[in-house]
Amino acid sequence: EKKEKGASGTSAPTKSILKLASWNANGFGTRLINQQDRSAFVSFLRREDPDVICIQEVNLPAEGPPGCKRNDGRPRKRNRIGTQTK
């Protein structure tokens, strides 16, 4: 927070303006894997240069062995996005 001299000569806080990007990204994982979608997303971020990025309604499956199903007890790679869908 910056302070500027007001008309009375006292310091008053000024508010910073933040640029916010919000996206309701159904299928975000698929979009990141698709090179064309990923390039468009990165291009948007570079062009708009937001301070805050909000991504809503994202359900990213963890990568697991081929054919794995939810709650099957098989180990998952939580730091990687799965490429297979239901």
**Report entry** Computed lengthening from R31 to D72, 0.36 nm per intervening residue step minus Cα-Cα distance
**Finding:** 12.1 nm
Requested in this report: Please list, in chain and number order, the residues 5+ apart from A25 or on another chain whose amide H is under 5 Å from its amide H, with Hs placed from the backbone.
Outcome: Q56
Requested in this report: Compute the length gained on full extension between I55 and N24: take 0.36 nm times their separation in residues and subtract their Cα-Cα distance, giving the result in nm to one decimal.
Outcome: 10.6 nm
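No lab work stands behind these numbers, since they all come straight from the coordinates. Predicted, not measured: the structure shown is a model, and the values here were computed from it.
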